[in-house]
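Report on one structure; see the data block that follows.
Where a number appears in this text, it was derived from the coordinates with a stated rule and is not lab data. No experiment lies behind these values; they were computed from the predicted model shown.
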């Protein structure tokens with residue numbers, strides 16, 4: 001007896017079989033969707049983090065940074081992200097850096113925090129001078145201009161919005177009991193500068209009792225190829241050490257690889273568990289449908305037809321689950337990005353988790369592979385059923 005089934009009929013039959021046990025299928029789909037969401041989020045975040053980090057570090061115009069003794073990468077990362085340091089550099093470090101023949105620009109910075117517990121926030125004040133401007137190519141004034149006096153303050157876009165200040169307004173700092181005149185407001189740049197309060201370097205040193213001292217010196221060279229030699233010379237400044245942007249990039253990317261490897265291992269375990277879930281669902285389905293499969297064999301279905309039907313059901317489960325996982329990534333991507341970002345240094349600004357077609361395709365292929373792998377044995381078991389034995393077992 002011939003048994004010829006159209007492909008669309010086979011598809012509808014496989015889908016109908018999955019819907020017969022809706023709760024079990026739903027639980028299996030949930031496991032697959034969660035696993036694929038984890039994998040897709042990690043792939044997307046990792047790629048976005050690397051692109052964003054390259055963009056920010058390369059756009060800063062800074063080849064190296066002088067920071068106080070300690071961990072140079074932690075100190076440089078804190079400075080780049082607008083966080084304060086507990087120690088400062090000696091007074092002569094700026095001039096020593098500027099006198100180096102390889103240095104084109106050396107910009108001192110003094111950074112300090114002013115906690116405001118009554119308002120549930122902490123303000124970051126940064127003392128700078130004119131030398132910082134070439135190293136901030138993204139700075140564009142929304143209104144106003146540069147410092148006009150020792151009591152001038154230049155506000156980042158977010159700081160101005162928080163303080164509800166415009167150019168010319170007075171700004172009083174109750175913690176330091178000082179009044180400032182807003183000289184300018186920066187356009188939003190998407191960097192940590194948006195939330196900072198910039199004042200003249202000498203003003204900041206007087207405010208925080210750090211006369212003649214700075215917390216970091218950002219350096220740009222005449223020729224980037226002189227980086228190694230310049231770093232060796234500047235490393236000899238007492239109380240200071242050098243962190244190059246190249247080294248920082250390597251360290252941060254190594255940290256990213258370590259974190260990503262760890263979390264990808266968790267994702268791989270989740271995918272493996274989802275595969276076992278598919279395997280268990282399909283094997284249970286074969287045991288429940290022994291009589292039905294026997295009837296199919298009795299009316300002319302070949303072993304290949306039965307194998308193809310069960311394999312199609314497994315593939316459908318994983319493909320649908322993978323699509324749901326990608327949809328979940330799009331919906332919850334921002335929350336996942338914030339969660340992962342807490343464990344990584346100097347997370348670049350802007351949205352990093354971008355689900356590209358390549359990443360989505362890779363995750364779909366992973367889901368398809370899991371479905372095929374998990375469905376092979378149950379489908380093979382079903383195809384080995386003999387019609388009379390299957391009917392007799394009912």
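Length gained on full extension, residue 235 to residue 163: 21.9 nm, using 0.36 nm per residue less the C-alpha separation. In terms of overall dimensions, segment 70-238 has a Cα radius of gyration and Dmax of 16.2, 50 angstrom. The Cα-based radius of gyration of segment 151-244, divided by its Kirkwood radius, gives an Rg/Rh of 1.09.
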